[in-house]
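**Q** Input: one structure, supplied below.
Every number in this text was worked out from the coordinates using simple rules, so none of it is lab data. All values derive from a computational prediction rather than experimental measurement. Note that we place each Cβ from the backbone using ideal geometry, even for glycine, and neighbour counts take in every protein chain shown.
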Amino acid sequence: MIHAIQEVNNRLDILPNITLGYHIYDTCFTTSKTVEGTLAYLTGQNETLPNFRCSAGAPLVAVIGAGGSTLTIASSRIVGLYYFPEVGYASSCSVLSDKYQFPSFLRTIPNDNHQSLAMAELVRHFGWVWIGTIAADDDYGKYGIKYFKQNVEKSGICIAFSETIPKIFSREKILAVVEAIKESTANIIVVYSSDIDLSPLMEEIAHSNITGKTWIASEAWVTSALIAKPEYFSFLGGTIGFGVRRGDIPGLKDFLLGVHPDNDASDDLTIEFWQTAFNCTWPNSRVPYNTDFRINVTGRESGVHPVSDQLCTGKEKLEDIKNTYLDVSELRITYNVYKAVFTVAHALNNLDTCVKGNGPFPKNSCAIIYDFEPWQLMYYLKNVKFTTFDNELVKIDDNGDVYASYDIINWQLNETGEISFVKIGIYNDTKDGHEMKIYNNDSIFWNTPTLKPPRSVCTEKCQPGTRKGIRHGVPACCFVCIPCADEEISNETDTRECFPCPDDYWSNTLKNECVLKKVEFLAYDEALGTTLVALSLFGACIVLSVTIVYRMHRDTALVKANDRGLSFLTQLSLVITLLTSFLFVGKPEEWSCQIRQVTLALGFSLCLSCILGKTIALLLTYRVLTDNSSGFSCIIGLPLFPVEVMDSGSRGTMQR
């Protein structure tokens, strides 16, 4: 920020003859310190008296910050009461776009809704349907993960577990999150958190040796040196995340090398930085100790470190520091700070260059640069538009947001054993929606045994021949695959129903295709077919032989007494029944299938009818012969044969 302000002051095309100043307040990553710093800035002194400006001097312009969404929400609620401008550089929470709650807030970092959409699109791109989510217990984590869930659930993607990282360190809660990760079968975990809040969880995961998971990182920790440690690569390698646009700020590294406590003896922040960096004590320093609130938040016993007994000489070299201080290769949030300063500077310049009589305020008036109201500067901030040194267009929309652009980053190990952030794609917000482009899937490092993209499903897809069955009490992604019933098939994966086969078709063994039914019949050349034909012929020959004998002796008393007509019909029906067997042997035809049932039924029925008729005739004859009470007996036969009536009394005979 200081470097950007100095650049503005040195330029002649922006605010000529006007020098910008600054106050820096350390929020210490706490809401209380943020509120205290905001009120101190507005009142002009450490005694916070709302509604009063207790110091003279140059007018206040704007607040740049704060360093997180929760902190910014606290400060923006205060400055919003006065419609005082606040430009955020790292506060991406979507709720800050609500102009009813935060009327004077603008930012140079994209709204988290875009990042949540990008994460959902990434999950869909790789076909992952079983996802775990972890969010910090603050506005940034809660709103971000909520919008992500809403988007993925529309696509049928299920959430395996959803855990929260405590804002204040609690080992018990951290262990509960670790246990949820261990027990879950989800191989993809989306994390919406700052690096500070995530650090204790990663330490516990390293201790528990949890591997085989692919992590999806939000912009707040995707390039954080606090998390991207080589010792974490065994379980964090292959992490994919979204980083805001990077910028190579000209002159920044030289500015960082020029930082020295001798430049300003009253600069306590620089003195504290020097003492911490070189582990020494600055002579006559008013800073008796070094405070690391990042460590305090992560649950260590103490965040306060006594200064060393060794005095600083002032000849220490910043080039010798082995940390991220001089690393200008991943300037993302830093670049947003740079843009935030220039956003305010360009708005002030537009206010200063207003032509009297053509102004935007009542009676076409203009604001005075040395004495303007906050709402007047807000007008120019809402309409600011400029191009940065790398030709990026910065434009604030009606919600105080900027155009969304993300780099898709993959964690890989370089030759020196350090984690490098490899750009594998981009995600841009466009007028027609959004666009995600992965350059080359083969360039992505996957932390899997096969080095292939991981699979993350609750249940594998149901293959053709099966259908999906519901499991009650579990997400829709968890189901059972039920084989199709006989005569039914499914020819697609994950189908919910099996379909019946048409007539003359049946399902194959795999139940994934209907095949024409195979015609099976008893052939003449088969043993059973030959035997059946032989027995039928033999039986028919016997019956015909009996018929010939009957025909030759048809006039004898025995044949006549046995009812000639019914006997011949019986023999005919037996021949028909026996010869019907020929219709059941051989390849069936349409005519044979129709006639064989009728022929068999006709022959069999005729045979039974004849036998039944003869039985009834014999029964009636027997009854007549044994009935002595009537005084006479009758012999009843068919009408074609003589009927004799005998009178036992006169012993006479009457024939008809």
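**Q** In whole Å, how far is the Cα centre of segment 265-279 from that of segment 360-381?
**A** 40 Å
**Q** Setting aside same-chain residues fewer than 8 positions from K385, which lysines have a Cα under 21 Å from its Cα?
**A** K99, K339, K395, K431
**Q** What ³J(HN,Hα) values, in whole Hz, does the Karplus curve 6.51 cos²θ - 1.76 cosθ + 1.60 give for segment 192-198 when θ = phi - 60°, with x put for Gly and Pro?
**A** So the Karplus estimates, Gly and Pro as x, are 10, 6, 7, 5, 5, 5, 7 Hz.
**Q** Rounded to whole Å, give me the distance from the Cα center of segment 605-622 to that of segment 522-551.
**A** Taking the Cα centre of segment 522-551 as reference, the centre of segment 605-622 is 26 Å away.
**Q** Checking the cross-link filter: which lysines have an alpha carbon closer than 19 Å to that of K587, excluding same-chain neighbours under 8 positions apart?
**A** Result set, ordered by chain and number: K517, K518.
**Q** Show me, for segment 166-180, the HN-Hα J-couplings you get by feeding each phi into the Karplus relation (A = 6.51, B = -1.76, C = 1.60, θ = phi - 60°), rounded to Hz, glycine and proline as x.
**A** Values per residue, Gly and Pro as x: x, 6, 9, 4, 9, 4, 4, 6, 5, 5, 5, 5, 4, 5, 5 Hz.
**Q** Could you pull out every residue, at least 5 positions away or on a different chain, whose amide H is within less than 5 Å of the one on S285? Hs are placed 1.01 Å off N in the peptide plane, and Pro or chain starts have none.
**A** Close amide H contacts, sequence-distant or interchain: none at all.
**Q** Just how large is the dipole of the chain about the Cα centre, in debye to the nearest 20, putting +1 at every Lys and Arg Cβ and -1 at every Asp and Glu Cβ? Show your work: numbers first, answer last.
**A** Details: 56 positive and 73 negative charges, 608 e Å.
Magnitude of the dipole: close to 2920 debye.
**Q** Can you tell me which lysines have their Cα less than 27 Å from the Cα of K229? Leave out same-chain residues fewer than eight positions away.
**A** Filter leaves K142, K167, K173, K182, K213, K253, K317, K322, K423, K452.
**Q** Something else now. With 10 angstrom as the radius, rank H114, H472, H125, H23 by how many other C-beta atoms surround their C-beta, starting from the fewest. Before the final figure, lay out the partial values.
**A** Values: H114 22, H472 4, H125 13, H23 10.
Arranged by neighbour count, lowest to highest, H114, H472, H125, H23 become H472, H23, H125, H114.
**Q** At a Förster distance of 51 Å, what's the computed FRET efficiency of L544 paired with L510, Cβ-Cβ distance as r, to 0.05?
**A** 0.45
**Q** Related question: Taking the inverse of the average 1/r across all pairs of different Cα atoms in segment 338-452, what Kirkwood radius in Å do you get?
**A** For segment 338-452, inverting the mean 1/r across all distinct Cα pairs yields 18.0 Å.
**Q** Placing unit charges on C-beta atoms (Lys and Arg positive, Asp and Glu negative, everything else neutral), compute the dipole magnitude of segment 527-629 about its Cα centre in debye, rounded to 20.
**A** So the magnitude is around 180 debye.
**Q** With just the Cα atoms defining each centre, how far is segment 144-218 from segment 60-93? Give it in Å.
**A** 29 Å
**Q** For R107, enumerate residues with amide H under 5 Å from its amide H, sequence gap 5+ or separate chain, H modeled in the peptide plane.
**A** Amide H to amide H, under 5 Å and 5 or more residues apart or across chains, R107 pairs with G88.
**Q** Still on this structure: How much net charge surrounds Q571 when only the other residues with a Cβ under 15 Å from the Cβ of Q571 are counted, with Lys and Arg +1 and Asp and Glu -1?
**A** +3
**Q** Quick one: order S69, S193, S420 by neighbouring beta-carbon count within 10 Å, fewest to most. Don't jump to the answer; show the numbers that get you there.
**A** Working: S69 30, S193 25, S420 16.
Fewest to most other Cβ atoms nearby, the residues stand as S420, S193, S69.
**Q** Search the structure for amide H atoms under 5 Å from the amide H of S218, placed 1.01 Å from N in the peptide plane, and list their residues when 5 or more places away or on another chain.
**A** V191, S193
**Q** To continue, here is another question. So what's the back-of-envelope 222 nm ellipticity for the chain, counting only DSSP H runs of four-plus at -39500 (n - 2.57) apiece and dividing by all residues, rounded to 500?
**A** -11500 deg cm²/dmol
**Q** Now, a different point. Work out the length of the dipole vector of segment 466-516 about its Cα centre, built from +1 on the beta-carbon of each Lys and Arg and -1 on the beta-carbon of each Asp and Glu, and round it to the nearest 20 debye.
**A** Dipole magnitude for segment 466-516 comes out near 440 debye.
**Q** In whole Hz, what ³J(HN,Hα) sequence does segment 11-23 give by Karplus (6.51, -1.76, 1.60; θ = phi - 60°), x for Gly and Pro?
**A** Listing the rounded values in order: 8, 9, 8, 10, 6, x, 6, 10, 10, 8, x, 7, 10 Hz.
**Q** Tell me the angle of helix 69-81 to the major Cα principal axis of the chain, expressed in degrees between 0 and 90 and rounded to the nearest ten.
**A** Tilt of helix 69-81: around 60 degrees.
**Q** Still on this structure, I have one more. Would you order F105, F29, F342 from fewest to most other beta-carbon atoms within 10 Å of each residue's own beta-carbon?
**A** The order, fewest Cβ neighbours first, is F29, F342, F105.
**Q** Further question on the same structure: Going toward the positive end of the dipole of the chain, with +1 on Lys and Arg Cβ and -1 on Asp and Glu Cβ, which of A367, L269, G417 do you reach last?
**A** Comparing the listed Cα positions along the dipole, G417 ranks first.
**Q** From Cα coordinates alone, what are the radius of gyration and Dmax values for segment 49-179 in angstrom?
**A** 18.5, 61
**Q** Can you match Cα extents along the principal axes in Å to one of these, [x] 87, 75, 52; [y] 132, 61, 54; [z] 166, 64, 48, based on a calculation from the structure here?
**A** [z]
**Q** How would you order 322-330, 145-153, 473-481 from highest to lowest mean count of nearby Cβ atoms within 10 Å?
**A** Order by mean packing, descending: 145-153, 473-481, 322-330.
**Q** Right, another one. Using only Cα atoms, tell me the angle between helix 590-626 and the longest principal axis of the chain; keep it within 0 to 90° and round to the nearest 10.
**A** Helix 590-626 sits at roughly 40 degrees to that axis.
**Q** Further question: Along the Cα→Cβ direction, 7 angstrom out, place labels at D309 and I18. What is the inter-label distance in nm?
**A** With each label placed 7 Å out from Cα toward Cβ, I get 5.5 nm.
**Q** Could you state the per residue volume, in Å³, of the convex hull enclosing the Cα atoms of segment 215-292?
**A** Looking at segment 215-292, the number lands at 143 Å³ per residue.
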